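The values are calculated or read from the model by the stated rules, or taken from the named source; none is laboratory data. Values in this document were obtained by computation on a predicted structure and should not be read as measured data. Cβ placement follows ideal geometry from the backbone for every residue including glycine, while neighbour counts extend to all protein chains displayed. When the accessible area is computed, the model is the full protein with side chains, heavy atoms only, and any ligands, DNA or RNA have been set aside. Shrake-Rupley method; radii C 1.70, N 1.55, O 1.52, S 1.80 Å.
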Amino acid sequence: MNKYLLFAFLLSLLLNSEGCRRRQLSRSSGSVTNPSAPTRVDSSVAVRPVPASPVDSTIASRPSRPGIEEARANVAEIDFRYLTAKSKISFKGPEQDIDNANINIRVRKDSLIWLSISKLGIEAVRGLISRDSILIVDKIHKQYSVYDFPTLSRQFNFQMNFELLQALIVGNLPLPRRPAQKIKNERDYLLLRQSEGKVLVENYIGEQDRKLKKLMLTEQPTKNTLRLDYEDFTSLNNFLFPYTSLVTLDYKSKTDGQFYQTLLQIKHSKVELVEKNPGFPFNIPASYQRQP
């Protein structure tokens, strides 16, 4: 499988890991360094984000430690119709260590994610992710692959879905809030615990800006974990948008029973929230071979 295919969606190891032996990585390995950049522009398009202060006077005037009930009702989420982004993606795993590949992303909220990955100015992979399927076209090797979330979830004992991938890009909660769910103080965060099937979801929310700062998913009984860390929050259309997302996946291999780790980082350089459909061009040439 071409190495760029690993970038095409969040849990890249799920497509390429179980057929090969790996050296063991510690579950406590450090994360990818995330330097910030110095500039920031207007509220509709932001380039080279820096860690942001609260985005408007409403947020600035809020008390430093809001009440739990208030926070439960007001977790700050990004609303949009379409999103476009130009980004860099880095991947570190037992077999690959690739830095700063270019990726263009387009999202139709709750519906489609379109990806185009290139290196040295040449498009290598194009992907289209819907709520029920993942289509990947490898233009270098003239082949394509088709996946679905239920099959991947069953195969690797980890619940995968469209909402999780969208949350990686946007920084919203991957599961909807429910009235009975409780938020409690956890050090510098407000912690919202949720569950979906065998997966425990822990949402760490900033006390002052009420943005999702960290997300931890733990699958029972395997203890496989996926952690999302959001950084470089910058004002975008009156929202705080995380321009850096770091994914840390610790999982137990079915092959040798050992734990391994995969890191994936997305750093956005330009993001727009738009009303007009940006287009989601995607086709599979008849000459391309489908991969199993």
- [ ] Alpha carbons only, please: Rg and Dmax for the stretch 112-218, in angstrom.
- [x] 17.2, 52
Open item on the list: Testing the spin-label approximation: label points 7 Å from Cα along Cα→Cβ at residue 200 and residue 258. State their distance in nm.
Closed with: 2.7
- [ ] From the P(r) of the stretch 205-253, can you give the percent of Cα pairs sitting at distances over 14 Å?
- [x] 57
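Just the number please: accessible area per residue for the stretch 71-285, 1.4 Å probe, all protein chains included, in Å². If you can, show how the numbers build up before the last one.
Numbers: 9100 Å² over 215 residues.
Dividing the accessible area of the stretch 71-285 by its residue count gives 42 Å².
Using only the Cα atoms of the stretch 209-290, construct the convex hull and provide its projected area averaged over every direction, in square nanometres to one decimal. Walk me through the numbers on the way to the answer.
On the way: hull surface 38.5 nm².
Computed as one quarter of the Cα hull surface, the answer is 9.6 nm².
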TODO: Enumerate the whole-percent occupancy of each 10 Å bin, from 0 to the last occupied one, for all C-alpha pair distances of the stretch 71-285.
DONE: 8, 30, 39, 20, 3, 0
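In the stretch 237-292, carbon and sulfur make up what percent of the accessible area (probe 1.4 Å)? List each step's numbers first, then the result.
Details: 1310 of 2680 Å².
Whole-percent figure for carbon plus sulfur exposure: 49.
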